[in-house]
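Novice: Mind looking over this structure? Questions follow.
The values are calculated or read from the model by the stated rules, or taken from the named source; none is laboratory data. Bear in mind the structure is a predicted one, so any value in this text is a computation, not a measurement. Cβ coordinates were reconstructed from backbone atoms using ideal geometry, including for glycine residues, and neighbour counts include every protein chain displayed. All accessible areas refer to the heavy atoms of the entire protein, side chains included, with ligands and DNA or RNA removed. Shrake-Rupley method; radii C 1.70, N 1.55, O 1.52, S 1.80 Å.
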Amino acid sequence: MEKLKSVIPETLKQKITESATDDLHSTSSSLLHFFQTLPLFHQMVRDLTDPEMALCGKNKEAALEAKAKGNECFSKGDYSSALHFYSQALRIAPMDIEDKGKNLVGTLYLNRASSLHKLGFFLESLRDCSRALIVSPAYAKAWFWRAKANSSLGNHEDAINDLNVSLKIETSLSGKRQIESELNMLLGQSRLRSSPLEKPMNESSDERLQMDLQCVSTTTKGRGMVSSTDIPLASLIHKEDPYVAILLKHCRETHCAFCFNELPADTVPCVSCSIPIYCSLKCQVQAGGQDFPKCKEKYESLQHLSDDLERYIRNVTSPGSSSSNIEHAAEHKHECQGMHWPAVLPSDVVLAGRILVKHIEQQSSGGVDPQIHGILVQVAQAVYCGGSLFNHSCQPNVHTYFLSRTLFIRATENVAAGSELELSYGPQVGEWDCSERRKFLEDQYSFICQCSGCAQLNLSDLVHTGYRCIKPNCFGVVLDSCVAKYEQEKLKHFKGPNSLQEYMLSDDNIGRVARHMFEQTDYRHCFEQGHCLSCGSSCDIQASQKTIAGAETYIQRLQDAVASGEIATNLITDALKSIDILRTVLHPFNKRIAEVEDNIAQAFCRIGELQAALAHCQASIEILETLYGENHIVIGNELIKVASIRHSMGHKSAANDTSRMVAIFSRYYGSHADIIFPHLRYLKREACSLV
């Protein structure tokens with residue numbers, strides 16, 4: 001695709017760039033006419049569509065070559081490289097090819113299982129052995145290695161069953177002796193226990209939805225979601241799987257193409273092409289709509305077994321997932337049946353193709369098309385029809401998160417019946433100031449935000465990038481011209497000075513930093529660049545910015561040193577002097593001071609001075625609590641640092657930090673908090689040990 005882009009004439013590129021919607025037919029025709037005369041375009045189409053020469057098809061010769069490299073590495077004891085080559089071979093190996101009398105895919109799964117076992121990945125080795133046996137149930141060596149994996153995991157009863165099956169199948173005398181030796185050793189052990197073979201990733205509690213949500217028409221935002229009943233804090237209000245989804249290209253080698261979780265060492269490729277890889281057989285079947293092939297041959301060696309052993313074999317060699325059980329359209333199925341457009345097309349174009357396929361399938365089955373809206377997540381693009389009905393607010397009352405590809409929405413405060421439920425599309429109050437948030441939302445989503453955070457005065461927006469007043473004892477904030485412009489606009493909805501004063505009296509902190517507005521008849525004139533909102537004094541913003549630039553040089557040096565892990569004492573000393581300089585020109589609640597405090601805390605942690613690290617970490621949190629609020633998820637993340645430092649110091653107060661942190665995470669994630677943040681479990685255990 002990049003090669004094609006590079007040969008497009010600049011004049012045509014400019015024409016496309018400057019075109020409008022009405023010019024789509026003309027520009028598309030011009031581009032198509034250019035490509036039709038280009039041999040490179042026709043070659044790419046052949047590469048993608050020819051079933052024999054397709055770039056992303058299976059390739060026996062390449063698979064055998066990768067297998068040979070894996071075998072060589074394994075024989076030399078280089079198990080990590082062997083694992084790499086066996087995985088590469090599995091990705092391109094045809095499912096129906098034999099190699100030395102054995103199914104090639106089954107052999108590759110077994111070889112990789114051996115490498116995984118040597119590397120200490122026993123559960124992954126167990127899963128690969130099971131996959132080899134699904135393809136070749138009478139593979140004695142696979143049953144033997146499965147026994148070794150089960151034994152390493154402590155699953156002695158299953159290991160004995162595996163060895164009994166292997167012993168029944170094995171034909172060589174030496175092989176039988178080896179199996180009998182292993183079997184006698186296991187039978188001699190007194191402790192026998194069994195455990196589940198493969199636990200699903202991100203297994204979560206089945207929390208029921210009890211909210212009656214309604215889609216209503218709002219006066220300023222179009223459609224929105226409300227509840228007909230009061231919603232308690234931390235309630236799960238919405239749960240939804242995507243209409244369609246696509247893994248972003250840069251994550252194809254690191255994340256599962258269906259559930260989007262990080263890939264384990266024992267990846268599973270698509271059975272028909274070499275593009276996607278999955279974390280399990282279940283995800284492979286769910287995405288591709290094609291069952292993992294089972295060997296159809298009948299083996300005499302698997303007959304005349306006990307009923308219990310036959311039942312055990314059926315359980316092991318059954319894939320556990322079937323295309324007949326899929327409740328949705330298999331997203332990848334149409335993409336690897338002759339054409340491999342996902343290899344070259346942008347992810348959003350592939351996503352659009354999946355939407356069209358699902359639309360056609362629903363039309364043919366008489367289904368009703370939902371409204372389509374997209375949500376971009378960290379590693380994938382997905383469409384959530386119900387989730388898209390929630391409007392944005394920079395001060396949201398609900399929080400969205402993902403477990404695998406499932407969207408969850410949870411209330412982060414008590415919401416009264418009839419109140420609109422609003423989530424954040426990106427930046428929130430506390431993260432950026434109003435001018436930055438509104439610009440981002442207009443650029444990304446093409447609307448000018450009029451939420452409460454952008455339409456009403458709030459302390460965070462006033463002080464976020466604010467400067468300190470030149471009077472030593474004044475706590476007022478000084479704004480630059482850009483921030484002052486947006487904050488002045490917020491005064492439009494006040495009917496007069498009395499209305500503004502009543503609002504400010506309801507928030508003491510705003511009164512502290514902007515007292516001057518109380519005393520003005522025409523309060524809009526207060527918002528002038530360089531004038532203190534509390535006492536009216538004038539401040540030289542340009543001089544302050546020069547002072548800040550000088551201090552930032554030393555702060556950046558410390559940041560670079562922390563990143564590299566080589567921290568000299570003089571760098572910390574210079575950074576401490578620099579933050580003192582920043583405090584002379586920036587307002588005490590300016591977010592930049594919090595960021596620098598955190599950087600210094602990290603540096604002290606790296607050199608082992610935990611008491612100093614704790615002091616600077618707490619100083620950072622005090623500012624962030626003012627900007628975000630005491631119960632915001634950002635504060636929960638910061639408390640992880642404080643609790644970790646205090647625990648390392650042996651302080652019993654770490655238990656209080658952990659308790660508060662858990663309460664915040666439960667507010668945002670409910671029962672899923674421990675799944676999303678595994679470190680929480682560790683901190684809770686350690687906190688209990690200190691009490």
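Novice: How much length would be gained if the chain were fully extended between Gln178 and Lys492, taking 0.36 nm per residue of separation minus their Cα-Cα distance, in nm to one decimal?
Specialist: Length gained, Gln178 through Lys492: 104.5 nm.
Novice: Tell me, what is the per residue accessible area of segment 535-689 in Å², probe radius 1.4 Å?
Specialist: 45 Å²
Novice: Here are some pairs, Lys249/Lys358; Lys67/Lys358; Lys60/Lys118; which of them have Cα atoms lying more than 29 Å apart in this structure?
Specialist: Lys67/Lys358
Novice: Starting from the residue with the highest accessible area, list Glu310, Glu442 in decreasing order, probe 1.4 Å.
Specialist: These residues rank, largest area first, as Glu442, Glu310.
Novice: Give me the accessible area of Phe527, 1.4 Å probe, in Å² rounded to the nearest 10.
Specialist: 10 Å²
Novice: To the nearest 0.05, what FRET efficiency results for Asp230 and Lys13 with a Förster distance of 56 Å applied to their C-beta separation?
Specialist: 0.50
Novice: Hey, with R₀ at 22 Å, roughly what FRET efficiency would Ile448 and Cys482 work out to, going by the Cβ-Cβ distance, to 0.05?
Specialist: 0.90
Novice: Here is a further query. What's the center-to-center distance, using Cα atoms, between segment 408-454 and segment 622-662 in Å?
Specialist: 25 Å
Novice: A further question on this structure: Taking the Cα-to-Cβ direction at Leu24 and at Leu309 and moving 7 Å from each Cα, how far apart do the two end points lie in nm?
Specialist: Here the answer is 6.6 nm between the modelled labels.
Novice: From the convex hull of the Cα coordinates of segment 602-657, what is the mean projected area in square nanometres?
Specialist: Projected over every direction and averaged, the Cα hull of segment 602-657 covers 3.6 nm².
Novice: Give me the distance in nm between label points sitting 7 Å out from Cα along the Cα-to-Cβ direction at Leu32 and Ser648, one decimal.
Specialist: It is 6.3 nm.
Novice: Report, in whole Å, the centroid distance computed from the Cα atoms of segment 123-194 and segment 214-276.
Specialist: First find each Cα centre; the distance between them is then 39 Å.
Novice: Which whole-Hz couplings ³J(HN,Hα) result when phi for each residue of segment 18-33 is put into the Karplus expression 6.51 cos²θ - 1.76 cosθ + 1.60, θ = phi - 60°, listed in order with x for Gly and Pro?
Specialist: Running phi through 6.51 cos²θ - 1.76 cosθ + 1.60 with θ = phi - 60° gives 8, 6, 10, 4, 5, 8, 4, 4, 5, 5, 5, 5, 5, 5, 5, 4 Hz.
Novice: Shifting gears a bit: Would you mind putting 642-648, 219-225 in packing order, based on average other-beta-carbon counts within 10 Å, highest first?
Specialist: Sorting 642-648, 219-225 by mean packing, highest first, produces 642-648, 219-225.
Novice: May I ask you to order 572-580, 529-537 by the average number of other C-beta atoms within 10 Å around their residues, highest value first?
Specialist: 529-537, 572-580
Novice: What ranking do 164-170, 255-261, 25-31 get when scored by the average of other Cβ atoms within 10 Å per residue, highest first?
Specialist: 255-261, 164-170, 25-31
Novice: If r is the Cβ-Cβ distance from Ala615 to Ser81 and R0 is 45 Å, what FRET efficiency results, to the nearest 0.05?
Specialist: 0.40
Novice: Modelled label-to-label distance, Glu595 and Glu65, 7 Å Cα→beta-carbon offset: nm?
Specialist: 4.9 nm
Novice: Stretched out fully, how many nm does the piece from Ile97 to Gln43 gain, at 0.36 nm a residue minus the Cα gap?
Specialist: 16.6 nm
Novice: Taking 0.36 nm per intervening residue step and subtracting the Cα-Cα distance, what contour gain separates Val379 from Glu566 on full extension?
Specialist: In short, 64.1 nm is gained.
Novice: Still on this structure, please answer the following. Keeping all protein chains in the complex and leaving out DNA, RNA and ligands, what accessible area do you get for Trp432 with a 1.4 Å probe, in Å² to the nearest 10?
Specialist: Estimated to the nearest 10 Å², Trp432 gives 80 Å².
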